Amino acid sequence: MTPNKKKVMLPQTMAKAGWDVLIGRDDIEAVPYEPYITMPDLQAALRDPDAWARATLGFAVDDTPSRSRVQRRFREELRAVHPDHGAAADGAAQRIAELAEARRILLS
């Protein structure tokens, strides 16, 4: 979520949750924001989403994997980076989001 969107969404979310506390700009800016895709990856994804998705899941750029191969590779990569399976928690959320987006691209 972009910082500007946080300014709109956070007060609405708080109101729906029944919070009566008014929050200020400093409170909103204190909410952590990390993009799921880094800038170089985002640029590559925008140029050729399919090539980015194949590379993210470890396929050759010119490969055309079947649906079952995409699912299998996604699950293998997910297990390799997921903290519940022994991987480090640092950067796991971003990598998992990238894998999910790559799978979505290849399966759509």
- prompt: Take the residues of region 35-69 that are hydroxyl-bearing (Ser, Thr, Tyr) and at pLDDT below 70: which is nearest to the chain's Cα centre (by Cα)?
  reply: 36
- request: Please list, ordered by first then second residue, the pairs with beta carbon atoms under 8 Å, 6 or more apart or interchain, first in region 89-108 and touching a residue at least 60 places away in the same chain (Cβ under 8 Å) and hydrophobic (A, V, I, L, M, F, W, C), second surrounded by 15 or more Cβ atoms within 10 Å (Cβ to Cβ) and outside any helix (DSSP H, G or I).
  value: 97/37
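The values are calculated or read from the model by the stated rules, or taken from the named source; none is laboratory data. This one's a predicted model, so the numbers in the text were calculated from it and none came from an experiment. Please note: Cβ atoms are built from the backbone with ideal geometry, for glycine as well, and neighbour counts cover all protein chains shown.
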